[in-house]
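Below is one structure; the comments refer to it alone.
The values are calculated or read from the model by the stated rules, or taken from the named source; none is laboratory data. Predicted model only: the values in this text are computed from it and were never measured. Cβ coordinates were reconstructed from backbone atoms using ideal geometry, including for glycine residues, and neighbour counts include every protein chain displayed.
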């Protein structure tokens with residue numbers, strides 16, 4: 001039994017989702033104590049309850065402490081039983097975050113799996129739907145994972161109500177992603193999504209982002225997508241690819257946050273990644289780290305910087321894998337080297 005402190009680092013839902021996913025993947029039982037102890041409302045929230053429920057049903061797990069507000073969880077996995085699953089988070093809890101954990105937990109499936117979720121698609125403190133679909137999924141596909149994600153409708157805070165369907169096929173061979181030593185992109189793609197707001201807001205986001213991109217002598221193709229959802233919302237996701245590299249950034253609109261700043265911030269953040277010639281963007285690294293370890297070969301790459309999420313992910317993964325990560329800071333970026341990738 002692996003025992004984990006759920007208050008480690010930021011002490012958020014990341015530990016819960018990844019720990020349960022890794023438990024299913026490695027077939028190792030876990031106990032998580034002090035769940036989200038540092039948060040204003042500690043314990044499991046509805047989105048964590050749904051994520052664990054998905055993975056518990058996936059493998060017919062024995063679970064104790066699975067309830068909203070629970071501060072301790074015992075999870076004992078069994079063999080995966082592929083089928084079609086359907087869950088309603090009941091809030092605007094993030095669909096992409098649940099999908100990320102579910103894909104990792106289901107990696108050894110022998111048959112196709114379908115997971116339909118209702119909840120939030122573009123919410124705070126989580127990947128946007130377009131980042132998930134245009135950056136994260138393609139990066140997994142580059143590693144040999146066959147999965148598709150379909151968006152039926154968007155869901156924003158506070159009502160959620162977004163709907164999406166994920167299909168995952170059995171993975172035949174998992175391999176390390178290739179990457180280029182030189183990142184000199186000439187084009188950026190993007191989507192500005194909006195619902196229940198005046199058209200001028202999305203146009204201002206579009207104009208600000210385009211203006212910032214053009215200043216760097218790069219072309220852009222940014223689409224505005226008008227959605228219909230239970231709550232109003234807006235945001236932008238940008239991505240760029242050159243050779244084997246794929247980088248993305250997303251910014252969510254908020255009340256009191258001018259539309260111009262939403263577009264400008266997204267473009268500026270993506271350019272920081274590009275100037276660092278990053279192998280993965282800051283957010284993709286911690287999300288892909290478990291897969292890099294599963295490939296078992298050593299791997300080297302570059303990052304703009306190491307996020308707190310990545311530090312927590314590294315701590316958690318050390319409970320399941322025997323590996324070493326060396327980090328070297330340079331003027332331009334943070335270089336990383338992953339070695340000794342084996343199961344514990």
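Structure notes:
- Selection of the range 65-84 for residues being out of contact with any helix residue (DSSP H, G or I) (no Cβ under 6 Å at 6 or more places or on another chain) and not in a loop (DSSP other than H, G, I, E, B) yields 73, 74, 76, 84.
- Total residues in the range 1-17, condition out of contact with any helix residue (DSSP H, G or I) (no Cβ under 7 Å at 6 or more places or on another chain), part of a loop (DSSP other than H, G, I, E, B) and farther than 15 Å from residue 287 by Cβ: 3
- Qualifying residue in the range 110-129 (condition: within 20 Å of residue 23 (Cβ to Cβ) and modelled with pLDDT under 95): yes
- Only residues that are outside any helix (DSSP H, G or I) and in contact (Cβ under 8 Å) with a residue 60 or more places away in the chain were counted in the range 268-292, giving 5.
- Residue, surrounded by the fewest Cβ atoms within 10 Å (Cβ to Cβ), within the range 224-261, restricted to residues that are part of a strand (DSSP E or B) and more than 22 Å from the chain's Cα centre (by Cα): 226
- Some residue of the range 312-319 being more than 30 Å from residue 206 (Cα to Cα) and assigned to a strand (DSSP E or B): no
- As a summary of the residue check, residue 335 satisfies the conditions (1) under 22 Å from the mean Cα position of the chain (by Cα); (2) within 21 Å of residue 174 (Cα to Cα); (3) part of a strand (DSSP E or B) except for the one numbered (2).
- Residue identified as touching a helix residue (DSSP H, G or I) at 6+ places or on another chain (Cβ under 7 Å), in a loop (DSSP other than H, G, I, E, B) and under 23 Å from residue 281 (Cα atoms) among 101, 126: 126
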